[in-house]
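**Student:** One structure follows; several queries about it will come next.
What follows is calculated from the coordinates using simple rules that are stated; it is not laboratory data. Because the structure is predicted, anything quoted here is derived from the model rather than measured. Methodologically, a virtual Cβ is constructed for each residue, glycine included, from the backbone with ideal geometry; neighbour enumeration extends over all protein chains shown.
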Amino acid sequence: MYRIFTLVSTCLFLAACGADSPEPQSETQAPAAAAEAPLPGTGMVVYRGASIWDGTGGATKYNQNLLLRSGRVEGYADDVPQGAEVVDLGGKWIVPGFVNAHGHVSGRWAADDVTDATGRVKGDLALYARYGVTSVVSLGGEPPEALALRSMNEDPSISYARLHAAGDIVTGDTPEAAAAMALANIENGVDWIKLRIDDNLGTTEKMPWDAIQMVMNAANAADRPVATHIFYMDDAARLLAMGTGLIAHSVRDRAVTDEFVQAMLDTGVCYVPTLVREVSTFVYAERPAWFDDPFFLEAANRSEMARVSQPDFMARVAASPSAAVYKKSLIQAEENLRILLGSGVPIAFGTDSGPPGRFPGYFEHLEFGLMSEAGMTPREILLSATSVAAKCMHLDDVGTLEAGKWADFVVLDEDPTKDVEALHSINAVYIAGNEVAR
């Protein structure tokens with residue numbers, strides 16, 4: 001309960017204080033006005049009456065008032081403080097904004113009439129946001145303009161997804177070349193170092209292990225975590241032993257071993273399944289059913305839809321041997337997710353969305369469905385996409401709706417704790433308390 005306190009200044013007779021009496025006031029001299037403290041609700045916005053799942057894993061707050069000030073969560077109250085602005089959300093649900101632990105931002109998804117590079121990156125981030133993704137960790141391939149946009153993460157006026165970035169994906173055939181690339185990224189102030197350890201189903205050479213070790217050493221010296229793209233079980237285990245900070249894809253060639261699971265638990269390293277990444281490799285052999293989903297079509301990039309719907313493109317996907325392998329690998333990825341989840345390994349939500357054919361924002365909702373098919377409950381999925389992903393990516397100010405954190409949240413018409421499909425019922429998205437254009 002908020003109370004209003006008014007400070008009243010009391011004037012004592014100076015004679016009683018042992019001082020001389022003041023000169024008498026003239027008839028025209030007005031007495032000084034007493035200063036009043038501002039109302040507790042001044043500058044506050046209250047979102048009233050929603051059911052709130054705050055991302056901490058605790059019980060849902062029913063019919064609560066969420067209090068915001070200066071873009072951050074101030075707390076919760078049963079009553080509305082006097083002087084506060086009120087937004088009535090009776091009958092709605094509030095959850096924290098989704099954190100994508102593995103996305104990509106390049107500018108390719110902005111509207112066609114946006115021509116400047118910074119504006120195009122903002123277009124990608126706005127597209128993520130309109131689907132409820134309020135923070136994106138872009139693991140490689142961002143243009144230089146993207147790194148500068150990270151300064152907006154601390155700006156209360158931000159109205160598109162917050163960005164964290166890895167810069168160029170580190171490669172190199174020699175330790176010296178790989179280390180030089182990593183150091184250049186570190187000099188540019190990247191948040192993560194990204195390594196890709198993959199032979200593309202035997203068609204290319206993997207990065208040499210001595211070069212990988214040099215990158216690990218450079219990153220460790222600069223206190224930068226390393227995220228690693230993997231496909232094979234043996235590579236994931238070796239990278240974990242070398243000190244990787246994130247397994248950024250599913251193990252897809254075989255079942256994860258007991259030793260690997262234990263190593264994940266011992267190190268506390270998080271695992272990002274990116275199930276929908278596998279789907280993107282084979283789904284365009286025919287027209288995807290979700291191309292008719294109204295929720296997708298609200299903000300779908302029509303030119304990209306047209307590109308992947310071309311008959312010759314679809315024919316190439318249908319005939320691709322690698323697409324057939326990746327389709328099979330999705331089954332293994334889901335089985336490994338079940339093993340790791342059941343063992344207590346932290347599962348961070350991520351999609352690898354953003355490259356061609358991987359529609360930002362909507363692919364996150366496809367991932368929700370795939371995680372559900374793999375056996376995750378709605379609450380487990382919500383935790384993975386909010387507080388768990390934020391913790392895994394070292395993002396202290398987002399992921400939950402606790403006092404002091406940024407007010408990034410999604411308003412839903414339906415209960416997402418019972419059915420993951422309710423995450424399609426987005427009514428509004430807020431970042432730092434600012435409503436996102438939808």
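**Student:** Roughly speaking, what is the stretch gain from Phe291 to Arg338, that is 0.36 nm per residue apart minus the C-alpha to C-alpha distance, in nm to one decimal?
**Tutor:** On the way: separation 47, 0.36 × 47 = 16.92 nm, distance 2.87 nm.
The span from Phe291 to Arg338 would gain 14.1 nm if fully extended.
**Student:** Mind checking the angle between helix 362-373 and the chain's longest principal axis? C-alpha axes, 0 to 90 degrees, to the nearest 10.
**Tutor:** Tilt of helix 362-373: around 70 degrees.
**Student:** Report the calculated FRET efficiency for Glu298 and Glu176 (r = Cβ-Cβ distance, R0 = 56 Å), to the nearest 0.05. Please list the in-between numbers first.
**Tutor:** On the way: r = 49 Å, r/R0 = 0.88.
Once rounded, the FRET efficiency stands at 0.70.
**Student:** Can you give the local net charge around Gly91? Use residues other than it whose beta-carbon is closer than 12 angstrom to its beta-carbon, Lys and Arg +1, Asp and Glu -1.
**Tutor:** Details: positive: Arg48, Lys92; negative: Asp88, Asp413, Glu414, Asp415.
Its environment carries a net charge of -2.
**Student:** Tally Lys and Arg at +1 and Asp and Glu at -1 over the other residues with C-beta under 14 Å from the C-beta of Asp112: what net charge comes out?
**Tutor:** Numbers: positive: Arg108, Arg120, Arg302, Arg307; negative: Asp113, Asp116, Asp124, Glu304.
That works out to 0.
**Student:** So if we plug the beta-carbon distance of Asp258 and Ala221 into 1/(1 + (r/R0)^6) with R0 = 22 Å, what FRET efficiency do we get, rounded to 0.05? Could you put the intermediate results ahead of the total?
**Tutor:** Working: r = 33 Å, r/R0 = 1.49.
The calculated FRET efficiency here is 0.10.
**Student:** For the chain, take the longest principal axis of its alpha carbons; what is the angle in degrees between that and the long axis of helix 321-343, to the nearest 10 within 0 to 90?
**Tutor:** Once rounded, the angle reads 50 degrees.
**Student:** Ranked highest first by average number of other Cβ atoms within 10 Å, how do 131-141, 113-123, 290-300 line up?
**Tutor:** Working: 131-141: 28.3, 113-123: 16.1, 290-300: 14.2.
Going from most to least packed, we get 131-141, 113-123, 290-300.
**Student:** Against the longest principal axis of the chain, how steep is helix 117-130, in degrees 0 to 90 to the nearest 10, with axes from Cα atoms?
**Tutor:** 80 degrees
**Student:** Listed highest first by mean packing, meaning other Cβ atoms within 10 Å per residue, what order do 85-96, 189-200 come in? Walk me through the intermediate numbers first.
**Tutor:** Numbers: 85-96: 18.2, 189-200: 20.3.
Packing order, densest peptide first, comes out as 189-200, 85-96.
**Student:** Quick one: net charge of Gly189's neighbours, Cβ under 15 Å, K/R +1, D/E -1?
**Tutor:** Overall, the nearby charge balance is -4.
**Student:** Any chance you could check the Cα centroid distance between region 286-304 and region 61-129 for me, in angstrom?
**Tutor:** So the two Cα centres are separated by 23 Å.
**Student:** Now for a different question. List, in order, the whole-Hz ³J(HN,Hα) value for each residue of region 173-178 obtained from phi through the Karplus relation with A = 6.51, B = -1.76, C = 1.60 and θ = phi - 60°; use x for Gly and Pro.
**Tutor:** Per-residue couplings from phi come out as 7, 10, x, 5, 5, 5 Hz.
**Student:** Taking a ≥ b ≥ c as the square roots of the eigenvalues of the Cα gyration tensor of region 157-205, is the shape rounded (a/c under 1.5), prolate (a/b larger than b/c) or oblate? The partial results should precede the final answer.
**Tutor:** On the way: a/c = 5.20, a/b = 1.62, b/c = 3.20.
The shape class here is oblate.
**Student:** Going by a ≥ b ≥ c, the root eigenvalues of the Cα gyration tensor, does region 98-170 fall in the rounded group (a/c under 1.5), the prolate group (a/b larger than b/c) or the oblate group? Could you put the intermediate results ahead of the total?
**Tutor:** Working: a/c = 1.28, a/b = 1.01, b/c = 1.27.
Rounded, since a/c falls under 1.5.
**Student:** Here's something else I'd like to know. Rounded to the nearest 5, what % of DSSP beta bridges with both residues in the chain are antiparallel? Don't jump to the answer; show the numbers that get you there.
**Tutor:** Numbers: 23 of 48 bridges.
Of the beta bridges lying entirely in the chain, close to 50 percent run antiparallel.
**Student:** Another question, then. What is region 318-387 by shape, rounded, prolate or oblate, if you read a ≥ b ≥ c off the alpha carbon gyration tensor as root eigenvalues and call it rounded for a/c under 1.5, prolate for a/b larger than b/c, and oblate otherwise? Present the calculation step by step, with values, prior to reporting the outcome.
**Tutor:** Values: a/c = 2.48, a/b = 1.36, b/c = 1.83.
Verdict is oblate for region 318-387.
**Student:** May I pose another question? Relative contact order of the chain, please, whole-number percent, based on alpha carbon pairs below 8 angstrom and at least 6 residues apart.
**Tutor:** Numbers: 924 pairs, mean separation 81.2, N = 438.
Worked out over the chain, it gives 19 percent.
**Student:** Return the long-range amide H neighbours of Arg72 (sequence gap of 5 or more, or a different chain), with a cut-off of under 5 Å between placed amide H atoms.
**Tutor:** Ala407
**Student:** Okay, moving on. Any idea which of Tyr430, Val325, Gly83 is furthest toward the positive side of the dipole for the chain, if Lys and Arg beta-carbons carry +1 and Asp and Glu beta-carbons -1?
**Tutor:** Val325
**Student:** Anything over 23 Å Cα to Cα? Flag those among Lys122/Lys206; Lys92/Lys405; Lys61/Lys92; Lys92/Lys418, in the order listed. The partial results should precede the final answer.
**Tutor:** Working: Lys122/Lys206 33 Å; Lys92/Lys405 21 Å; Lys61/Lys92 12 Å; Lys92/Lys418 14 Å.
Table pairs above 23 Å Cα-Cα are Lys122/Lys206.
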